[in-house]
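The values are calculated or read from the model by the stated rules, or taken from the named source; none is laboratory data. Everything numeric in this text was worked out from a predicted model, so none of it was measured. Cβ placement follows ideal geometry from the backbone for every residue including glycine, while neighbour counts extend to all protein chains displayed. Side chains included, ligands, DNA and RNA excluded: accessible areas come from the protein's heavy atoms. Shrake-Rupley method; radii C 1.70, N 1.55, O 1.52, S 1.80 Å.
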Amino acid sequence: GMVSAAGTPILTPSLSQERGGNNSFTHEALTLKYKLDNQFELVFVVGFQKILTLTYVDKLIDDVHKEFRDKYRNEFQQKGALGLLNGTFDFKDDFMRLLRDAEESSKVRAPTVMKTFEQSLKSQKTVKCMIETRGEKPKEKVKNKKNKGSKKDGTEAVAAPSKASAGDKQLSAAGDKEELTKDEILQKNREEFFRRHMKAGEKSRSPKPDAQKEKGKKPRVWDLGNSNAKVLDYSNSATNGSAEACPVEEFDPDMALGDKNREPGRLYDLEYESDDEAEEEKVVQNTSKPSVKKGGLGGMFGMLKGLVGSKSLTREDMDPVLEKMKDHLIAKNVAAEIAVQLCESVAKKLEGKVMGTFTTVTSTVKQALQEALVQILQPQRRVDVLRDVMDAQRHRRPYVITFCGVNGVGKSTNLAKISFWLIENGFSVLIAACDTFRAGAVEQLRTHTRRLNALHPPESHGGRTMVQLYEKGYGKDAAGIAMEAISYARNQGFDVVLVDTAGRMQDNAPLMTALAKLIAVNAPDLVLFVGEALVGNEAVDQLVKFNKALADHSMAQTPRLIDGIVLTKFDTIDDKVGAAISMTYITSKPIVFVGTGQTYCDLRSLNAKAVVAALMKA
């Protein structure tokens, strides 16, 4: 059961089933329209008879929503959902007023709807209507309101553009349209119009502005009307962190943290749920059957040749299997050129090798490929961030991590997750807002800072503020802000500085130069490339060009390149985990963090075996 706009409880069984954009539900003779307010978890429902085409319903429900929300906002914020259930809302008078306003404004609109209905029959008159509408739209509307009664009587007269209520005039307009030339009709209309205009005079002025405002507001995006100021006011208070910040955080921790049973500060491994052995057997069977037919001489002899041991592998034996493996890897989102190179390296490694007894070509190739993939995902140098931060602590300097990547891959979001993880491990974090380009970038980081401080208040950490934002607004030099932030962190005793940079496409030379300058000037301890798991071939292009730009613009003898990768949006790809292979193969650098969702806890370390299992899964 829900409360309708009028305050009467009604049952709406199928609201949730309506997926269309119209948000309406028809039951026998009734139509229900509804609107959801997600912030306060309200549902506004208006019910009316199906046969009535009420044009003002959308406006009414919007107005009631705004007025009701604004009137009782404080109550919702203080009492939450319980306040809604137990509260009493004296809203009847306001509702009646809004209903009257909506009905008034609809009178203005009604004739235009009816006019279009008969337009096709009276094309001459439509031209006139258009001319009149352009000329003196407001006055014409006021007149329509007056004429509503007379219009109802004769439907024939509805589309007659001369808005006179006199019957004979309309008849002559409808009947003798051949006798009158267009100019004469226009002239008549104009005279009629001015006569009515003089009469309407003062009366038209008072109701008109309201009606006009509504009309103007309707086609625009949601609510740009007079409530605009209030809405803005409200969002400001939220931005400034006072009124709205605390209530949000009161129920937020569970939502922000996701899994309650996890161990704070621990970076869990990626999990892959499938049973490895079963999967492997399946793959072997699936791929071996066709490959046996293709490989060798075909038929029984080919099958035996595939199975019998003490045979050294040739290129011809492996090619069909490798071709299939290559397609499989590409289907799993491994960049095409890397899939080719991988298969090539496996072929070289196996060529001339004697196969074990009763092993198929397929299983041998698959085994070799699997080993190669695990090796790629476990590069020589492991990045241990916590160990390095402690090392920097001993030298009394902040540990600096710079995030870079193309637009929209999740740099700021994953920076917030990493700062949460660092705070849970007892390190204080300074976030440097060096994305001085994208609108809203600084505010986004400010919100994260506020939320992180609410989750880890200074009281829980011996009075230390665990996370702070260093920002200088927009349009400034990012390298300069990063440098100031690092020296501020050194003076204030922060353990880690996380530098957020603007997203940039890898072939935008000026922006790539600016990034290389930031890294060269500030010499961060760790340069993390943020890439999304959704990329295919593009991963290669991005990383090669980012590394090339850093190398070209570096001032040092040995240039600073990308040190590690943050693989984001890993929860969106199912088992198409190929991007992980592409990125590590190109850079020979480890994937340090994997982003697996939207909460602060959705951060994992890479588990090579899990990724390879997903990759080899048929």
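Brief remarks on what is shown
- When 340, 383 are checked against the criterion of being aliphatic (A, V, I, L, M), in contact with a strand residue (DSSP E or B) (Cβ under 8 Å, 6 or more places away or on another chain) and within 25 Å of residue 534 (Cα to Cα), 383 stands alone in meeting it.
- Of all residues in the stretch 381-403, those that are out of contact with any Phe, Trp or Tyr (no Cβ under 6 Å at 6 or more places or on another chain) and outside any helix (DSSP H, G or I) total 12.
- Among residues of the stretch 32-70, those that are of a type in the set (S, T, N, Q) and either under 14 Å from residue 101 (Cβ atoms) or assigned to a strand (DSSP E or B) (or both), counted: 2
- Screening the candidates 349, 326 for the property of being within 19 Å of residue 586 (Cα to Cα), among the basic types (Lys, Arg) and either free of Cβ contacts under 8 Å to residues at least 12 places away in the same chain or open to solvent by 10 Å² or more (accessible area, probe 1.4 Å) (or both) yields one hit, 326.
- Taking the conditions (1) surrounded by 17 or more Cβ atoms within 10 Å (Cβ to Cβ); (2) in a helix (DSSP H, G or I) in turn, residue 443 satisfies each one other than (1).
- Residue count, the stretch 92-105 (criterion: touching a residue at least 24 places away in the same chain (Cβ under 8 Å) and either touching a Gly at 6+ places or on another chain (Cβ under 6 Å) or surrounded by fewer than 17 Cβ atoms within 10 Å (Cβ to Cβ) (or both)): 4
- Of the residues in the stretch 563-581, at least one is open to solvent by 60 Å² or more (accessible area, probe 1.4 Å) and in contact (Cβ under 8 Å) with a residue 60 or more places away in the chain.
- The lone exception for residue 552 - which of (1) open to solvent by 50 Å² or more (accessible area, probe 1.4 Å); (2) modelled with pLDDT of 90 or more it fails: (2)
- Among residues of the stretch 329-380, those that are touching a Ser or Thr at 6+ places or on another chain (Cβ under 6 Å), closer than 14 Å to residue 580 by Cα and either in a helix (DSSP H, G or I) or modelled with pLDDT under 90 (or both), counted: 4
- Out of 407, 414, sole residue that is surrounded by fewer than 23 Cβ atoms within 10 Å (Cβ to Cβ), touching a residue at least 12 places away in the same chain (Cβ under 8 Å) and within 22 Å of residue 530 (Cβ to Cβ): 407
- The strands (runs of 3 or more DSSP E) falling completely within the stretch 455-549 that include 1 or more residues that are polar (S, T, N, Q) map to 467-470, 496-501.
- If you go through the stretch 480-502 and keep only what is surrounded by fewer than 20 Cβ atoms within 10 Å (Cβ to Cβ) and farther than 13 Å from residue 398 by Cα, you end up with 480, 502.
- Among the residues listed as 526, 543, the single one being touching a strand residue (DSSP E or B) at 6+ places or on another chain (Cβ under 9 Å), under 20 Å from residue 336 (Cβ atoms), in the same structural domain as residue 579 (by the TED database) and of a type outside the set (Gly, Ala, Ser): 543
- Residue within the stretch 471-478 that is under 21 Å from residue 566 (Cβ atoms) and open to solvent by 10 Å² or more (accessible area, probe 1.4 Å) present: yes
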